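Let me begin by presenting the structure, written as structure tokens, before commenting on it.
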Amino acid sequence: MLFEFLILEGAQAGLSWITILKKRANYRKAFDGFRAEKIARYGAREVKRLLSDAGIVRNRLKIAATIENAKAFLLLREETTFDAYLWSFVGGKPIQNRWRNMADVPARTAESDAMSRDLLRRGFKFAGSTICYALMQATGMVNDHLVTCPRHTELGGAPRRK
């Protein structure tokens, strides 16, 4: 699931998140259920098939990145689990922010910068800091709900002080 999120966040680069969400089922089908073992073996025939698939974003660089990311993911998994690896950037527990305004919510942080640097060093593509921060938000590694949002407290944030 975390590998899927990484791929979808990379696919979203430069586009709206709703565009990718609407295509999520198509991505799952097109990329063999995000099974990295299969994706890592994709060759020219699969790339051609994906470039003609209107159900996904047909961007050659993003498709190539998905294949490279599958290879890098498999290598990383030889060292540790992907979830343990990702969670290590936040000390194993969600960061509980206390934002009051949407304008306060950052696009990247020191933690996402560190994650991005390490992923890129390991050969991952489309894994910049902003993409990593979006991954952290989407997977619950960081609670960026505003303190006025009921979900903030539900996800472990301190109740809003009056």
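Quick check on the exposure proxy: order ASP118, ASP104 from fewest to most C-beta atoms within 10 angstrom.
Details: ASP118 16, ASP104 11.
So the ranking, lowest neighbour count to highest, is ASP104, ASP118.
Report ³J(HN,Hα) in whole Hz for each residue of the stretch 85-96, in order, from the Karplus equation J = 6.51 cos²θ - 1.76 cosθ + 1.60 where θ = phi - 60°; Gly and Pro get x.
Each residue's phi maps through the Karplus curve to give 4, 4, 5, 5, 6, 10, x, x, 9, x, 7, 9 Hz.
Sum -39500 (n - 2.57) across every DSSP H segment of at least 4 residues in the chain, then divide by the residue count to get the 222 nm mean residue ellipticity, nearest 500. Could you put the intermediate results ahead of the total?
Values: 10 runs with 87 residues, N = 162.
So the helix-based figure for the chain works out to -15000 deg cm²/dmol.
With 10 angstrom as the radius, rank PHE82, PHE89, PHE31 by how many other C-beta atoms surround their C-beta, starting from the fewest. Numbers along the way, then the final one.
Values: PHE82 15, PHE89 21, PHE31 25.
Ordered by Cβ neighbours within 10 Å, fewest first: PHE82, PHE89, PHE31.
Just how large is the dipole of the stretch 4-105 about the Cα centre, in debye to the nearest 20, putting +1 at every Lys and Arg Cβ and -1 at every Asp and Glu Cβ?
Values: 19 positive and 11 negative charges, 97 e Å.
Here the stretch 4-105 has a charge dipole of around 460 debye.
Looking at [x] 0.94; [y] 1.00; [z] 0.96, which value of Rg/Rh (Cα atoms, Kirkwood Rh) comes from a calculation on the structure shown?
[y]
Given the C-alpha centroids of the stretch 9-81 and the stretch 101-135, what is the distance between them in whole angstrom?
About 19 Å separates the Cα centre of the stretch 9-81 from the one of the stretch 101-135.
Convert each backbone phi in the stretch 109-119 into a coupling constant with the Karplus relation 6.51 cos²θ - 1.76 cosθ + 1.60 (shift: θ = phi - 60°), then list the ³J(HN,Hα) values in order as whole Hz, x for Gly and Pro.
Along the stretch 109-119, the couplings run 9, 4, 5, 5, 4, 5, 4, 4, 4, 6, 4 Hz.
Taken together, the values in this text are just the output of simple stated rules run on the coordinates, not laboratory data. Remember, it's a predicted structure, so these values are computed and weren't measured experimentally. FYI the Cβ positions are ideal-geometry reconstructions off the backbone, even for glycines, and counts take in every protein chain you see.
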